[in-house]
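A.B. asks: Quick one: this structure, given as structure tokens, is what I'll be asking you about.
Just so you know, all these numbers are worked out from the coordinates, no wet-lab data involved. Values in this document were obtained by computation on a predicted structure and should not be read as measured data. Heads up, the Cβs are rebuilt from the backbone with ideal geometry, glycines too, and the neighbour counts pull from every protein chain shown.
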Amino acid sequence: MEVRYSKHLQIRLKLRGIDIEVPKRIYERAEERFLDRETGNQVVVQRVQLYGKEREVMIAYQKEEKPAIILTVHPLKEEQKQRRIAWLFKNVVAQFIGQTGLINQATTKIWR
């Protein structure tokens, strides 16, 4: 698959000391794919060898473009993905039922 790297991604790769091929491998192989509803960007998460250990790394990309443009890369800390998914779940449910305050109170203990 052909992809392009944004200028922002190129800077992040250098700053974070991440091999230039990592984002493309994540894009091609990731099994976990999400949609960022605020930006419309696609997000994928994959476990890769990074900084001497296996860790989850996310990339965000624009799929509408051909080739896809990978926007950024971010190594995730332990459990960071679960917290973000939990936050997203709480907010989607809250919007669905229209009672943001109640759903936040009800689910905070479950997801933390």
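A.B. asks: What FRET efficiency do you get for GLU2 and LEU76 if R0 is 22 Å and r is their Cβ-Cβ distance, rounded to the nearest 0.05?
C.D. replies: That gives a FRET efficiency of 0.25.
A.B. asks: Hey, which aspartates and glutamates would be in cross-link range of LYS66, C-alpha to C-alpha under 13 Å, not counting anything within fewer than 8 residues on its own chain?
C.D. replies: LYS66 reaches GLU2.
A.B. asks: Can you give the net charge of the other residues whose Cβ lies under 9 Å from the Cβ of HIS74, counting K and R as +1 and D and E as -1? Let's see the in-between values first.
C.D. replies: Details: positive: ARG12, ARG16; negative: none.
So the environment of HIS74 carries a net charge of +2.
A.B. asks: If you take every residue apart from GLU21 with its C-beta less than 15 Å away from the C-beta of GLU21, what net charge results, scoring Lys and Arg +1 and Asp and Glu -1?
C.D. replies: +4
A.B. asks: Now for a different question. In whole Hz, what ³J(HN,Hα) sequence does the range 42-54 give by Karplus (6.51, -1.76, 1.60; θ = phi - 60°), x for Gly and Pro?
C.D. replies: Residue by residue, the range 42-54 yields 8, 10, 10, 10, 8, 7, 9, 6, 8, 6, x, 8, 7 Hz.
A.B. asks: What are the GluC sites (Glu not before Pro) within the range 1-73 that DSSP puts in a loop, where the Cβ has at most 16 other Cβ atoms within 10 Å? Walk me through the numbers before you get to the answer.
C.D. replies: Numbers: sites: GLU2, GLU21, GLU28, GLU31, GLU32, GLU38, GLU54, GLU56, GLU64, GLU65; in loops: GLU2, GLU21, GLU31, GLU38, GLU64, GLU65.
Answer by residue number: GLU2, GLU21, GLU31, GLU38, GLU64, GLU65.
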